[in-house]
1. Principal axes first, then extents: for the Cα atoms of the range A:780-854, list largest minus smallest coordinate on each axis, whole Å, largest first.
2. Given A:Gly285, A:Pro269, A:Val222, which one lies farthest toward the positive end of the charge dipole of the range A:210-302, if we put +1 on the Cβ of every Lys and Arg and -1 on the Cβ of every Asp and Glu?
3. Report, ordered by chain and residue number, the lysines lying within cross-link reach of A:Lys32, taken as a straight Cα distance under 19 Å and ignoring same-chain residues fewer than 8 apart.
4. When the dipole is taken about the Cα centre of the range A:1-92, and only Lys, Arg (+1) and Asp, Glu (-1) are charged at their Cβ, what size is it in debye, to the nearest 20?
5. Along the Cα-to-C-beta direction of A:Ile778, a point sits 7 Å from the Cα; which residues of the range A:795-822 have their amide N less than 16 Å from that point?
6. Using the Karplus equation 6.51 cos²θ - 1.76 cosθ + 1.60 (θ = phi - 60°), what ³J(HN,Hα) coupling, rounded to whole Hz, does each residue of the range A:414-420 give in order, writing x for Gly and Pro?
7. Is the shape of the range A:580-624 best called rounded, prolate or oblate, per the rule: a/c under 1.5 gives rounded, else a/b larger than b/c gives prolate, else oblate, with a ≥ b ≥ c the square roots of the Cα gyration tensor eigenvalues?
8. I'd like the Kirkwood hydrodynamic radius of the range A:464-533, using the inverse of the mean 1/r over distinct C-alpha pairs, in Å.
Amino acid sequence: MSYDFKKIESKWQEFWAKNRIFKAQNKSSKPKFYVLDMFPYPSGAGLHVGHPLGYIASDIYARYKRHKGFNVLHPQGYDSFGLPAEQYAIETGQHPANTTDKNIKRYREQLDRLGFSFDWSREIRTSNSNYYKWTQSFFLLMFNHYYCNDKNKSRPIEDLIKIFEIEGNRRINAVTDRKVELFNSSEWNSFSFKKKQNILINYRLAYLAEKDVNWCPKLGTVLANDEIINGVSERGGYTVVKKKMKQWSLRITAYAERLLEDLNLIDWPDALKEMQRNWIGKSKGARVFFDIKGFDDKIEVYTTRPDTIFGATFLTLAPELEIVKKINSKSNKKEVLKYIDSTLKKSQLDRMSDIREITGVFTGAYAIHPFTRKLIPIWIGDYVLADYGTGSVMGVPCGDQRDYDFAKKFKISIVNIFKNVSIEKEAFTDKSETIITNSSFLNNLSFEKAFETVIKELEKNGLGFKEVNYKLRDAVFSRQRYWGEPIPIYYKEKVPVPLNFESLPLNLPEVENYLPGKEGAPPLSNANSWAWDEKNNKVVKNKYIDDKNIFPLELNTMPGWAGSSWYFYRYMDSENEENFADSKIISYWKDVDLYVGGSEHATGHLLYSRFWQKFLFDLELVPVKEYSKKLINQGMILGNSAFIYRKVGENVFVSKKLIKNLSDFDPIRIDIKYLINEDELDIKNLKISSSDFSNSKFICENGKFFAKREIEKMSKSKYNVVNPDEICDKYGADTLRMYEMFLGPIEQAKPWNTSGISGVHGFLKKLWRLFYDNEILIVNDSNPSKEMLKTLHSTIKKVTDDIESFSFNTCISSFMICVNELQNLKCRSRKILEKLIILLSPFAPHISEEIWERLGNSNSISEVDYPIFDQKYLIENEKNYPISFNGKFRFNINLSLSLTNNEIKEIVLSDNKTVNFLKSKKVKKVIIVPNKIINIVF
RNA sequence: GCCUCGGUGGCGGAAUUGGUAGACGCGCUGGAUUCAAAAUCCAGUUCUUUCGAGAGUGUGGGUUCGAUUCCCACCCGAGGUACCA
């Protein structure tokens with residue numbers, strides 16, 4: 001009997017599903033362990049071999065933890081709202097829900113073949129209304145809260161209203177996106193409903209505001225910063241322009257400091273934490289006020305180098321600022337307006353390609369230096385961003401390269417305020433070597449000293465104050481799309497009013513088509529029933545909108561990251577109708593112990609979900625500040641694309657090595673299924689299957705035609721995808737699982753290469769032969785030899801250590817060595833072989849279950865305890881290091897050490913206990929820890 | 001430009017905290033079994049070599065009895081970021 005993986009794998013997959021082996025219990029005496037995968041977006045292309053990489057790793061760990069006696073929660077679901085389904089709907093008229101269902105079915109089939117230990121009873125879909133009901137409820141909570149800086153947490157908006165009623169807003173210390181006018185209590189109480197709402201919206205955590213947003217005309221929607229790659233849309237690669245639009249935003253900036261600070265609490269990859277730190281972009285500096293000559297207004301600038309204030313020779317304002325139009329003099333008016341206009345028209349891409357090209361216009365106005373009282377010119381320039389800091393900077397040419405270039409180009413004076421430094425060629429920006437001169441009371445101070453001194457002076461004279469800034473922007477939350485969560489808001493007197501909680505979910509309406517409506521209105525404007533009956537709390541037809549109780553509903557939907565910001569809590573209690581999850585169940589599972597997913601979500605999902613968590617934490621809906629203790633980023637599996645070369649202008653293809661001059665040829669992408677033996681082209685097959693090539697001529701070398709291979713991202717459009725189904729058919733899921741782990745370190749990107757898979761498959765066949773000689777089970781109850789025990793226990797140790805550190809690739813090596821050694825030792829001992837098979841079962845669960853059963857066990861192998869390493873079976877060889885040394889040594893358990901050094905002759909360690917060595921005057925202490933370092937201190 | 005990570009045979013990659021570099025797998029070479037193939041098994045496989053040995057972990061220095069590992073400078077690659085004052 002040989003290793004019949006097809007029969008084995010379908011048998012056990014059925015068994016696991018039927019017996020609900022992996023169903024997690026919400027009550028258990030066992031310790032809990034929550035293993036989470038980033039749930040997939042079910043695209044139409046199905047899975048390729050790259051997708052399951054992370055799932056395999058997390059599945060191994062989940063199965064391992066079950067063996068170790070944990071109550072493991074390992075769920076899976078679908079992030080099923082999203083753009084591709086909608087684009088497909090626009091093209092074909094099919095409802096996105098239908099295509100999404102179809103795709104999910106296909107995904108599930110593919111996932112099921114790989115033998116994952118998911119608890120499918122907890123499956124969730126973000127596009128189901130019983131799920132997005134809660135996403136909507138969290139939006140309402142954000143709408144009904146504001147961020148209180150004094151308590152440093154979110155508080156109910158009612159608290160704020162109460163304060164307004166008693167004393168107005170003068171003493172309020174809350175996060176707002178712009179300055180709010182000041183009022184006292186009697187003023188507040190006299191305000192109309194509309195006016196009150198327009199004030200409150202400035203404080204809400206979910207707020208509506210006119211914003212410069214990234215508008216993608218081709219997609220007909222706005223995009224968040226993290227959805228733009230190199231100035232074009234991540235999806236489709238379309239141009240993006242700045243546009244002013246009224247948009248919903250979430251006040252993530254209120255949490256900037258906590259998001260930064262709490263990175264210290266979590267065990268996430270350093271690279272990813274660093275990305276989040278940079279994205280948050282904290283900087284310390286000062287705000288400085290400049291008077292404007294001839295105006296009452298002041299210009300406020302933000303600077304991280306207030307120590308260089310005496311080097312400021314001009315101010316530059318962002319062209320978009322309101323004040324620009326006010327202060328520019330008549331003589332320059334035309335030029336200034338033209339410049340403002342051209343800035344607004346530029347697309348993201350233009351602005352990026354124009355990088356370092358210096359442009360700007362003098363406004364004709366002058367500011368007054370706060371200390372010297374000298375006049376300095378006010379310019380505008382698009383290198384100053386309107387939405388960072390104050391949108392204005394003080395130009396210090398000697399201390400900032402951009403200011404330096406600007407001053408040089410426009411012949412503005414440059415003052416050197418650095419001691420013993422030349423600024424002939426470029427600005428001097430090294431803070432650590434800065435010594436200030438030529439600067440009145442700051443002379444001879446270092447950067448740190450000058451920084452503190454000048455801020456004190458500014459604050460004393462009311463000329464400015466210390467300030468911290470963040471690059472992080474509030475998250476735009478409106479999308480002009482159909483296939484997303486409706487925002488539970490209606491408009492009364494053009495003011496947004498939240499639906500009450502009881503009327504959720506606000507279901508996505510049916511629409512006739514999914515394109516934008518009139519005048520670019522979002523697709524929801526195409527719905528006939530999309531108005532809110534306030535009295536009866538229900539959706540009604542738009543035609544009643546003139547009725548005094550009926551109001552228009554919000555037309556925008558939520559972005560893709562809304563549903564994924566809290567889904568890990570829904571898995572805990574996915575059926576709950578009363579709450580997003582029961583609070584007792586939440587306090588049992590608490591948080592995610594291991595989260596596995598791609599690093600491409602570093603500044604998107606992984607930041608938004610942390611923000612969402614902190615908000616829920618403030619409301620005491622969740623028990624922890626961070627939802628995921630540990631995160632592992634799996635690297636991408638890359639595809640190996642194939643190109644063949646066609647002579648320019650001819651239908652003639654030439655084999656790779658015969659080409660001398662590449663410029664005479666066009667590379668043509670072909671599907672890798674037409675390749676045999678790595679890079680040889682199957683011309684016959686290609687000609688038959690693809691009409692494009694049926695009349696082509698192929699020039700071969702030695703009768704064979706070779707293609708060029710190139711490593712790039714695996715994708716359907718690049719014709720380089722490898723389908724896991726094919727691998728399962730040919731080698732089985734256990735082989736695929738092990739091979740994907742064997743390819744290399746989990747977090748590294750690595751190209752897919754099928755040629756190595758035979759080694760792993762051969763291992764499983766060899767493993768089978770350890771138990772079976774043809775038809776006969778050869779395992780017996782003989783006692784194992786010392787060597788066998790040593791092999792087993794060193795494998796237990798290596799594999800356990802490596803699983804704990806997520807080095808799954810070296811685990812596989814250890815298994816291979818173990819099986820080889822046991823084969824050589826002709827091991828037949830059940831005591832050894834049973835343990836080996838348990839050890840292997842997280843990696844190759846199907847074959848392990850099968851063998852386990854054939855050995856006469858009636859329970860599932862997943863319910864068995866993991867073997868425990870016993871040190872006594874490891875006997876290390878004695879090692880001699882005939883050298884003199886100074887410092888640390890590392891040995892295994894038994895040690896004999898001779899030294900040629902005159903001072904120490906011998907250190908002998910045996911049985912971990914007796915230590916003999918000749919005392920030396922120079923040796924102060926010898927610390928010996930078994931299996932650790934021997935530290936000899938001189 | 002800045003930030004982060006990395007660079008080891010023909011290839012994917014091992015090497016615990018500074019202690020025999022190249023584990024394990026692929027590929028390749030030779031052999032066994034076979035009518036033959038598949039499958040399987042055994043041996044070899046960093047490079048150079050006058051077969052004594054010598055060189056060798058991107059390059060050049062340094063620390064150390066000893067460096068793939070630590071330090072400095074540089075080169076190359078991947079990812080992130082894009083005028084953030």
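Every number here is computed from the coordinates shown, using simple stated rules; none is lab data. If you're wondering where the values come from, they're calculated on a predicted model, not measured in any experiment. Neighbour counts run over all protein chains shown; Cβ positions are idealised from the backbone, glycine included.
1. Dimensions of the range A:780-854 along the principal axes of its Cα atoms: 35, 26, 16 Å.
2. A:Val222
3. Cα-Cα hits under 19 Å: A:Lys23, A:Lys65, A:Lys68, A:Lys584, A:Lys590, A:Lys625, A:Lys629, A:Lys630.
4. On the way: 13 positive and 8 negative charges, 192 e Å.
That gives the range A:1-92 a dipole magnitude of about 920 debye.
5. Those under the cut-off are A:819-822.
6. Coupling constants for the range A:414-420: 10, 10, 8, 10, 10, 6, 6 Hz.
7. Details: a/c = 3.14, a/b = 1.60, b/c = 1.96.
Oblate, because a/c is 1.5 or more while a/b does not exceed b/c.
8. Numbers: mean 1/r = 0.0674 Å⁻¹.
For the range A:464-533, the Kirkwood estimate is 14.8 Å.
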